[in-house]
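The values are calculated or read from the model by the stated rules, or taken from the named source; none is laboratory data. In this text, all values refer to a predicted model and were calculated from it rather than measured experimentally. Here the Cβ is made from the backbone with ideal geometry for all residues, glycine too, and neighbour counts use every protein chain on show. To get the accessible areas, we keep the full protein, side chains included, count just its heavy atoms, and leave off ligands, DNA and RNA. Shrake-Rupley method; radii C 1.70, N 1.55, O 1.52, S 1.80 Å.
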Amino acid sequence: MQTSRRPLLKQPGRKLIASLSRHINEKIERLKGELHLLDAEGKQKNKHTFFVDSKKEVQTFDLASHLNTAPELVNRVYNRPTLHTLETKSIKGAVEPENIM
């Protein structure tokens with residue numbers, strides 16, 4: 001086969017590879033966009049307002065009991081399971097204490 005015809009035969013393969021590469025890069029960017037919500041540095045802190053009736057309640061307010069979760073999980077900003085979920089469901093993923101925060 002002549003060498004001048006080889007690039008013409010490889011064009012559909014190049015287009016396919018370029019198309020697949022573009023598709024994969026778009027998927028990577030889309031997934032990266034979802035990750036920024038988890039524990040991104042420098043993101044704005046959430047502001048939750050809890051209403052109580054007295055100053056005494058302010059002093060004794062327990063966030064873990066109000067959110068019905070374990071005290072170790074209060075600082076998590078995503079996927080904060082309730083005590084009921086922790087008691088009834090099996091844990092999937094990281095189970096070491098240093099990996100859950």
Pairs, first in contact (Cβ under 8 Å) with a residue 12 or more places away in the chain and open to solvent by 50 Å² or more (accessible area, probe 1.4 Å) in the range 66-94, second in a loop (DSSP other than H, G, I, E, B) and basic (K, R), C-beta under 7 Å, six or more apart
L67/R80
Can you tell me which of (1) more than 27 Å from V77 (Cα to Cα); (2) at pLDDT below 60; (3) not aromatic (F, W, Y) is the one K15 doesn't meet?
(2)
